[in-house]
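The values are calculated or read from the model by the stated rules, or taken from the named source; none is laboratory data. This structure is a prediction, so every number in the text was calculated from the model and none was measured. Methodologically, a virtual Cβ is constructed for each residue, glycine included, from the backbone with ideal geometry; neighbour enumeration extends over all protein chains shown. For the accessible areas, the whole protein counts, side chains as well, though only heavy atoms, and no ligand, DNA or RNA atoms are used. Shrake-Rupley method; radii C 1.70, N 1.55, O 1.52, S 1.80 Å.
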Amino acid sequence: MPDQKTTIFYEAHSQTLFERYESVDSKIADYFDVSYPKGSEILDVGAGSGRDLNTLLNKGYQAYGAEPSEGLRNKAINKNPFLADRLFSGSLPNIPAQKTYDGVLCSAVLMHLPKTELFDSLVNLRALLKPNGRLLLSIPMERPGLNSDRRDSDGRLFEELHPEYLILLCARLGLELVSSFENDDSLSRADHSWTTLLFQKNAGTGRTLDRIESVLRNDKKSATYKLALLRAFCDLSERDDKAVVWRPDNTVSVPLQSIAETWLIYYWPLLDVPSIVPQNNAEASGGRAIAFRSELSELIHLCYQYFQAETATFSLFYLDWKKGSLPEKIRKYLNKVLKKIADTIKIGPVKYADNGTMFSFDRQTASVLVDAELWREFCLTGYWVKDSLLLRWSELTEQFSRKLSLPITSGEVLNLLLTQPKIDREQSLARKIYLSNPKQRLKCVWSQRVLDNKTLDVDHALPYSLLRNNDLWNLLPTHKKVNNNKRAKVPSSEQLNLSKSLIIENWQLLRAAEQNIFDFEAQRSLGSLHQHSWENDLFRHLKEKSNHAIYARYAEPWDFQSYHVD
């Protein structure tokens, strides 16, 4: 729902605001003709005084408006009675979408919504558009005079909206950027400027990945480091996108520690083999090894000694790492390995990719800086760019190994690159927690059926085959028949909303039993874990990932009622 203090202000000052808006020309009106086909149906969301709505009608559009302020609506209709059948009450993110439009206008609205409502509001705007419909929206570039809660002297909320981040969110919903404009304030206020963005629904899936391709094709191929760095960006942008910081200089800050942790998972299987699998051009002939081979090999050796499990050491180590239960000796050595990997990333691929122009390291935040447009590409196309990276990595390793007496094939390397800690261990842990809860009857989160040991399945809410997410928060109790029907489908927003209370109840149960693992994974996904709001923060994250999978990756949506099983 809209911010309450902001809504109260607009209602209480509707007369003053009406007169102010009607006294000046609309800057965004300059873009109507280039944004919408003549005669098309347009919905103005946040129509205010009806100024833009009236302009659209005068230009020959079939225009309608939604405005939450009763005072502004009444004054607009009093001035222009013909708006009575065109202007209705409505506010994001809950404008009914029974009717869809050729275009939607949303000017100077999104910044007044709490951040928690932004994604759902974009979903609502998308639902109001016909296929290939266009969304024209404006947001403030600068807003001086705000307090620490981002409110002005009148109490109105002005959330910070980075244009590049908004473009990413829209692209995840199949809203492709068509054009962007920058313009001055229509009220001629100093230090106020606006960004106007034009999107088209499902305008296409093509991306310009020339720069990534250039690095893969043209950069020197003496080691696998650059492939590992690009793969890490693909994984982190898909799994942990909330952990990055969007900066005012149009870069994205990615924590170096997170990159180092992904590298450890990538390289462990490549080193945990009887014969060398060379990761640079010199290793196969006995030359200088990759920078962290010695340290990571020793960590693997220590883990074999500790866990005494020949085939499950990797999985046991990873689970205990997340639990925070590694013995002190291994924990200290793990930190040593991660530091060595981090140093390698800084002085290697970050420094030299694309002749040093592609990335940079920020010492103050211990982060790698990535151009925001490039990061969007990782977010939107990383799931298939990664496949290309894996193939190139395996082929490069095969090339390195030709100096060996028994060269390794690219197929063998690919198997090692795809090796991950086994998912069944965390699933088994979740199952044990669900069945051991004595306080309440266990229910299927989708159907609300009562579960027991025979009927319980642990479901990846976001399918593992699609997103490779085995975090505890993604492992929910379901009835076997229901889960068999859902399979690799993605729960719709409607289904998630219906199941919200049960989902959160089970998260609370999991966290109470295994807080270290749960917090490790949730914080990695969210960037930070706020004790007073983590449930709602994580639920919004789940919904965002669900919508991204449905709208951007064309996964099949699922809800229990539509796919009812007995």
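If you check S138, S180 for being of a type in the set (S, T, N, Q), in a strand (DSSP E or B) and within 24 Å of T6 (Cα to Cα), only one passes: S138.
No other residue among L43, L72, L17 is touching a strand residue (DSSP E or B) at 6+ places or on another chain (Cβ under 6 Å) and within 18 Å of V109 (Cα to Cα) apart from L43. Once the range 347-373 is narrowed to residues that are surrounded by 19 or more Cβ atoms within 10 Å (Cβ to Cβ) and in a helix (DSSP H, G or I), the residue that is nearest to the chain's Cα centre (by Cα) is A372. Here S499, S528 are screened, and the one residue that is within 27 Å of I265 (Cβ to Cβ) and either open to solvent by 40 Å² or more (accessible area, probe 1.4 Å) or at pLDDT 95 or above (or both) is S528. For the range 18-31, residues that are in contact with a Ser or Thr (Cβ under 7 Å, 6 or more places away or on another chain), in contact (Cβ under 8 Å) with a residue 40 or more places away in the chain and not polar (S, T, N, Q) total 7. All of (1) touching a residue at least 12 places away in the same chain (Cβ under 8 Å); (2) open to solvent by 10 Å² or more (accessible area, probe 1.4 Å); (3) hydroxyl-bearing (S, T, Y) hold for T313 with one exception: (2). The number of residues in the range 97-140 being of a type in the set (D, E, K, R) and in contact with a Ser or Thr (Cβ under 6 Å, 6 or more places away or on another chain) comes to 3. If only residues of the range 506-519 that are touching a Lys or Arg at 6+ places or on another chain (Cβ under 9 Å) and surrounded by fewer than 18 Cβ atoms within 10 Å (Cβ to Cβ) are counted, the one that is farthest from D459 (Cα to Cα) is N516. Scanning the range 137-181 for residues that are among the basic types (K, R) and over 23 Å from A549 (Cα atoms) gives R143, R150, R151, R156. Applying the criterion of being of a type in the set (K, R) and more than 28 Å from P131 (Cβ to Cβ) to the residues of the range 1-52, the residue that is least open to solvent (accessible area, probe 1.4 Å) is R51.
Would you check which residues across the range 68-89 are among the hydrophobic types (A, V, I, L, M, F, W, C) and open to solvent by less than 50 Å² (accessible area, probe 1.4 Å) and list them?
Selection gives L72, A76, I77, L83, L87.
With respect to the conditions (1) assigned to a helix (DSSP H, G or I); (2) open to solvent by less than 60 Å² (accessible area, probe 1.4 Å); (3) within 18 Å of P421 (Cα to Cα), D343 falls short on a single one, namely (3).
Determine if the range 432-452 includes at least one residue that is loosely packed, with under 15 Cβ neighbours inside 10 Å, modelled with pLDDT under 95, aliphatic (A, V, I, L, M) and touching a Ser or Thr at 6+ places or on another chain (Cβ under 9 Å). No - not one qualifying residue is present in the range 432-452.
Take the conditions polar (S, T, N, Q), crowded, with 21+ Cβ neighbours inside 10 Å and free of Cβ contacts under 8 Å to residues at least 40 places away in the same chain and apply them to S405. Does it pass? So S405 does not fit the description; no.
Condition check ((1) more than 16 Å from R431 (Cβ to Cβ); (2) assigned to a helix (DSSP H, G or I); (3) in contact with a helix residue (DSSP H, G or I) (Cβ under 6 Å, 6 or more places away or on another chain); (4) aliphatic (A, V, I, L, M)) across all residues:
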site	(1), (2), (3), (4)
T478	no, no, no, no
L502	yes, yes, no, yes
L510	no, yes, yes, yes
S528	yes, no, no, no
E535	yes, yes, yes, no
L542	yes, yes, no, yes
I550	yes, yes, no, yes
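Do we find that T205 is within 30 Å of L128 (Cα to Cα) and at pLDDT below 65 in this structure? Break it down into steps so the answer makes sense when it comes.
Numbers: within 30 Å of L128 (Cα to Cα): yes; at pLDDT below 65: yes.
Taking the combined requirement at face value, the residue satisfies it.
Residues being under 30 Å from V370 (Cβ atoms), surrounded by 14 or more Cβ atoms within 10 Å (Cβ to Cβ), among the β-branched types (V, I, T) and in contact with a strand residue (DSSP E or B) (Cβ under 6 Å, 6 or more places away or on another chain) are entirely absent from the range 271-281. One residue alone among G65, G133 is out of contact with any helix residue (DSSP H, G or I) (no Cβ under 6 Å at 6 or more places or on another chain), open to solvent by less than 10 Å² (accessible area, probe 1.4 Å) and part of a strand (DSSP E or B), and that residue is G133. Of the listed requirements (1) surrounded by fewer than 23 Cβ atoms within 10 Å (Cβ to Cβ); (2) touching a residue at least 40 places away in the same chain (Cβ under 8 Å); (3) touching a helix residue (DSSP H, G or I) at 6+ places or on another chain (Cβ under 6 Å); (4) in a loop (DSSP other than H, G, I, E, B), L92 misses just one: (1). Before we move on, is R392 within 23 Å of the chain's Cα centre (by Cα) and modelled with pLDDT under 90? In short, no.
Those residues that are in contact with a Leu (Cβ under 9 Å, 6 or more places away or on another chain), open to solvent by 10 Å² or more (accessible area, probe 1.4 Å) and not aromatic (F, W, Y), I need them from the range 238-252; list them, please. If the condition is that a residue be in contact with a Leu (Cβ under 9 Å, 6 or more places away or on another chain), open to solvent by 10 Å² or more (accessible area, probe 1.4 Å) and not aromatic (F, W, Y), then E238, R239, D241, K242, A243, V244, R247, D249, T251 are the ones that fit. Of the numbered criteria (1) under 16 Å from L105 (Cβ atoms); (2) buried (at least 18 other Cβ atoms within 10 Å of the Cβ); (3) at pLDDT 90 or above, the one S186 fails is (3). Flag: R431 does not match the condition of being assigned to a helix (DSSP H, G or I), under 19 Å from R239 (Cβ atoms), of a type in the set (D, E, K, R) and touching a residue at least 24 places away in the same chain (Cβ under 8 Å).
The one condition from (1) within 30 Å of A284 (Cα to Cα); (2) open to solvent by 60 Å² or more (accessible area, probe 1.4 Å); (3) over 28 Å from the mean Cα position of the chain (by Cα) that K329 does not meet is (1).
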